[in-house]
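Please read the structure below before turning to the comments.
The values are calculated or read from the model by the stated rules, or taken from the named source; none is laboratory data. Quick caveat: nothing in here was measured; it's all calculated off a predicted structure. Note that each Cβ is placed from the backbone with ideal geometry, even for glycine, and that neighbours are counted across all protein chains shown. Each accessible area value is taken on the protein alone, full model and side chains, heavy atoms only, with ligands, DNA and RNA left out. Shrake-Rupley method; radii C 1.70, N 1.55, O 1.52, S 1.80 Å.
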Amino acid sequence: MTSLIGCFVCYISFLALEVQGTYQLYGGYGPRQQHADSPVVPPQTFQRRYQQQLPFRSVQQPALLFQNQNQRETHCRSRPLDLVFIIDSSRSVRPAEFEKVKVFLSDMVDTLDIGEDATRVAVVNYASTVKIEFLLKTYFDKPSMKAALARIESLAAGTMTGLAIKTTVQEVFREESGARLTNKNIAKVAIIVTDGRPQDKVEEVSAAARTTGIEMYAVGVDRADMMSLRLMASQPLDEHVFYVETYGVIKKLTSKFRETLCGMDACALGHDCDHVCVTDHNSYTCECREGYTLNADKKTCSQDPNEMSANLLSEDACMCEAQIAFQMKMQSTIKQLTNKLNELSSRMTKLGRQG
């Protein structure tokens, strides 16, 4: 009799454990449902909830982030330009120094997005005379352009900077030479590199160049005349006039021009969009994911009421199915337990009669 009661207690304990396991399997309605460490919801519902807790900014793997930063340091998606380098090769520029200018130009080409529909480059070489080394329509790939830069030779004479600017405007920034039409919204940029004082007038020709829409940058090296640089450059002067002590450090200007000429990925540099950031030239705009509407601040997003109701209904349906399954399991377990209790009760009654 004692052993029979012991078996009955063990069986009850086993059933209790089975009921507890079933309870946890189907979500555990009641206080355990809100347990933060183990939310039990259908996978698609969990994914939606988890995403809603995260800021919607682009998240990159560390290696990929480093790779992107490295690419931004060596290359940029420059806004399409018609870019002309006007370089001084007068006798004051020593051969070794002139080679450093060519390295500077080559490094600049490396950082730009060169192509027929991207940035086009021309080079004007000057001293007492002016020589157009190549036009905007000549090269549309970096290897050919850099090879042409390496072949440029110094003219080793005077410093006719005004003549070089005038030639650039009249012969290089022309449609026949590869310059694109004004209505194409392609910026026209001239970068002048010189180490001396012009032997002719630069003020009027520079003003005329700026009037046609050419953005003028002036780079002075060593003995360059600062007043002349300021007369040549566009406004604001602090963004268009540069000076370096020697040709040996002119390479440092590469990064400065990269910041000025390149269209950086504004979203990658940081944004405050709630969901999606879209780069728009040097700026960005915010957009929302499907089912959300952009708020008046143009940054945050609100879920559409219809979409919110649909999500709630979907979650309620999932919860309802789980609850029904749990209830059915409980009813089956209780029925089995009741049958066992009735069977045990019947056996105990028989044993009592026999005793």
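What the table below lists for this structure:
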quantity: Some residue of the stretch 166-184 being under 17 Å from Leu231 (Cα atoms), free of Cβ contacts under 8 Å to residues at least 60 places away in the same chain and open to solvent by less than 70 Å² (accessible area, probe 1.4 Å); calculated: yes
quantity: Any hit, the stretch 309-327, residues being at pLDDT below 80 and hydroxyl-bearing (Ser, Thr, Tyr); calculated: yes
quantity: Answer residue from the stretch 331-355, given it is charged (D, E, K, R) and either in contact with a Leu (Cβ under 6 Å, 6 or more places away or on another chain) or in contact (Cβ under 8 Å) with a residue 12 or more places away in the chain (or both) and is surrounded by the most Cβ atoms within 10 Å (Cβ to Cβ) among those; calculated: Lys340
quantity: Considering residues of the stretch 121-144 that are open to solvent by 10 Å² or more (accessible area, probe 1.4 Å) and among the polar types (S, T, N, Q) only, the residue farthest from Gln170 (Cα to Cα); calculated: Ser144
quantity: Residue within the stretch 105-113 that is assigned to a helix (DSSP H, G or I), modelled with pLDDT under 90 and of a type outside the set (Asp, Glu) present; calculated: yes
quantity: Leading residue by the ranking (nearest to Val124 (Cα to Cα)) among those in the stretch 162-194 that are assigned to a helix (DSSP H, G or I) and in contact with a Leu (Cβ under 8 Å, 6 or more places away or on another chain); calculated: Val172
quantity: Only listed residue being among the hydroxyl-bearing types (Ser, Thr, Tyr) and more than 19 Å from Met108 (Cβ to Cβ), chosen from Ser144, Ser128; calculated: Ser128
quantity: Test result for Ser255, assigned to a helix (DSSP H, G or I) and at pLDDT below 90; calculated: yes
